[in-house]
Amino acid sequence: MLNFDKVKDVDPEVYKAIIDEYKRQEDGLELIASENRPSEAVLQAQSSYHTLKYSEGYPRT
């Protein structure tokens, strides 16, 4: 499991929600076609500094 110590320190309620969701996915079986479980490497990459990048506006304007 990923380390969420900083989240736990800053917002225990959000931390609990993250942990509860992890446990739900780990322990349960729900047949939801649009839900999947990415690897820990993918989760870490998604929470990297690259997610701070975004663009605004409309293309070709």
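Each value in this text was obtained by applying a stated rule to the coordinates, not by laboratory testing. Please read all numbers here as calculations on a predicted model, not as lab measurements. Quick reminder, even Gly has a Cβ in these numbers, built from the backbone with ideal geometry, and neighbours come from all protein chains shown.
Remark: the Glu13-Val42 segment gains 8.0 nm on full extension, using 0.36 nm per residue and subtracting the alpha carbon distance.
Taken over the chain, the convex hull of the Cα atoms encloses 152 Å³ per residue.
Rounded to the nearest 10 degrees, what's the angle between the helix 12-27 long axis and the longest principal axis of the chain, both from Cα atoms, 0 to 90? Roughly 70 degrees, rounded to the nearest 10.
Within the shell defined by Cβ-Cβ distances under 12 Å, the residues around Gly28 carry a net charge of -3, with Lys and Arg each +1 and Asp and Glu each -1.
Could you work out the longest stretch of the chain that avoids the trypsin sites (Lys or Arg not before Pro) located in DSSP loops with at most 10 other Cβ atoms within 10 Å?
1-52
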